[in-house]
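No value in this document is a laboratory result; all are computed from the given coordinates. Quick caveat, the model's predicted, so the values are computed rather than measured. For neighbour counting, all protein chains shown are included, and Cβ atoms are generated from backbone atoms with ideal geometry for every residue, glycine included.
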Amino acid sequence: MLLKLYLVEFLMSSILAKSEFLLLNSHYFSYYLMVIIIKKIISYKISFFTLSIIGIIMIYSASMIWAEYLTGNKAYYLIRQVIFFVLSLFAYFFFKKFPYLKLKKMANILFLISTILLILVLFPFLGISKNGARSWLGFGDFSFQPSELMKISFIIFTAKFCANQEGEFSHIKSLLLYLLLVLFVFILIMLEPDFGSGFILIMTILIMMYKDLIPLKPLAIGLVVALLSFSVLILIAPYRMARITSFLNPWADPLGSGFQIIQSLFALSPSGLFGYGLFNSKQKFYYLPEPQTDFIFPICVEELGLIGGFFIIALFANIILTGYRLSLNLRCPFAKNLVFGFTTLLFIQVFINIGVVIGLLPVTGVTLPFLSYGGSSLIINFAMMGIIANIMKTAQIEPSFYHKKITFIKKLKKNY
């Protein structure tokens with residue numbers, strides 16, 4: 001028995017020594033690094049592709065009752081979402097091959113086009129109204145939201161500004177001018193009105209600016225002004241005020257402003273570990289209004305249980321943590337800011353949506369990325385993932401992003 005243990009120890013030490021030799025050899029090190037890069041990219045891809053597939057299945061499950069009632073076709077929303085998914089794949093593969101540095105050159109024109117579209121959507125003969133908001137442009141059954149295009153355009157524009165004018169936000173004049181631009185975009189979105197999209201975009205841009213080292217005093221003044229502005233916007237719109245009061249006590253108006261959040265909690269609370277099973281939700285039977293959009297997560301938990309809910313959150317966590325880790329290890333300032341901005345946008349959307357449906361935040365009308373029904377959001381999200389995948393493959397990245405051992409191995413190579 002003792003002889004066997006010595007033999008195993010000898011074999012293991014020989015294997016480890018051989019592995020170390022192979023890694024220290026530049027050829028094998030490059031191969032090892034390439035394998036890790038591929039694994040990182042595959043892990044990132046699997047997460048958002050899995051979320052999208054879950055989204056397609058859950059959109060069908062959540063919407064079949066409403067779809068049959070409204071259109072006579074249970075698969076109405078499913079068919080449309082599959083079309084959106086195919087278009088999103090085109091967007092993903094296009095931007096995966098598209099050199100990300102060209103976006104820096106195109107930042108100004110993209111921002112200008114997005115601004116013009118936001119203005120055009122305000123005209124009654126051009127903009128399409130849905131649920132009290134004129135937020136869409138298009139024709140027939142197919143339309144898109146300019147505010148979604150503005151999200152990606154403004155992030156690219158801000159990433160370029162932060163990269164070219166590094167440290168400019170330390171000057172009060174530059175900071176105030178950029179804050180005026182942010183306010184202008186927010187006002188355009190609020191004129192639709194779309195408070196949720198406006199709030200998410202502004203928070204993302206402000207966080208990107210803060211990352212670029214805004215001095216504390218101007219930042220504090222800006223936050224106070226922003227909070228006062230949001231307070232005024234809430235007070236002048238009765239439906240927004242009702243959402244705040246219903247968030248604090250939804251049972252005060254269970255059939256009115258508190259109805260959605262109560263029905264959402266009814267979907268979440270009895271689900272247990274494994275849920276009722278796929279396609280067996282009870283809340284989708286006219287209790288939870290349009291469950292395929294903002295409130296799809298409660299339907300997921302109701303049917304797939306807490307395990308399914310935590311699995312979805314884990315997929316989001318992998319995308320977000322990988323994105324932030326990538327941004328910290330990128331050497332190109334533009335790529336660093338771009339990945340940080342896209343990841344922050346995704347994080348805020350996920351945080352607000354899940355916070356709303358579990359009763360931690362007031363209802364804002366924010367959809368859940370990759371899962372909720374909608375073409376504009378899905379295509380833009382896939383475009384962002386494609387840009388990040390391109391950056392992963394082509395940008396200069398610190399080795400520590402891929403594996404902590406690589407830094408140690410590089411040090412060994414220098415010493416020997």
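In a fully extended conformation the segment linking Ile187 and Val82 would gain 34.5 nm over its present Cα-Cα distance, using 0.36 nm per residue.
Full extension of the chain between Ile358 and Ile313 yields a length gain of 14.9 nm, computed as 0.36 nm times the residue separation minus the alpha carbon distance. The distance between label points at Glu68 and Trp251 comes to 3.4 nm (points 7 Å beyond Cα on the Cα→Cβ vector).
Going from the residue with the fewest nearby Cβ atoms within 10 Å to the one with the most, Glu303, Glu68, Glu192 rank Glu68, Glu192, Glu303. Under 13 Å from the Cβ of Ser114, count the other residues' Cβ atoms, weight Lys and Arg +1, Asp and Glu -1, and hand me the total. It works out to a net charge of 0.
With neighbour counts taken as other beta-carbon atoms within 10 Å, the residues Ile261, Ile202, Ile42 rank, fewest first, as Ile42, Ile202, Ile261. The residues Phe85, Phe266, when put in order of fewest to most other Cβ atoms within 10 Å, stand as Phe266, Phe85. Checked against a 24 Å cut-off, the cross-linked pairs Lys104/Lys151; Lys96/Lys130; Lys97/Lys336 give Cα-Cα distances beyond that limit for Lys96/Lys130.
What the Cβ-Cβ distance of Ile128 and Tyr324 gives, at R0 = 25 Å and to the nearest 0.05, is a FRET efficiency of 0.10. Using a Förster radius of 51 Å, what is the FRET efficiency between Ile172 and Phe98 based on their Cβ-Cβ separation? Nearest 0.05, please. According to the calculation, E is roughly 0.90. Give the share of C-alpha pairs in each 10 angstrom bin for region 60-100, from 0 to the last occupied bin, in whole percents, shortest bins first. In whole percents, the pair-distance histogram is 30, 30, 21, 15, 4.
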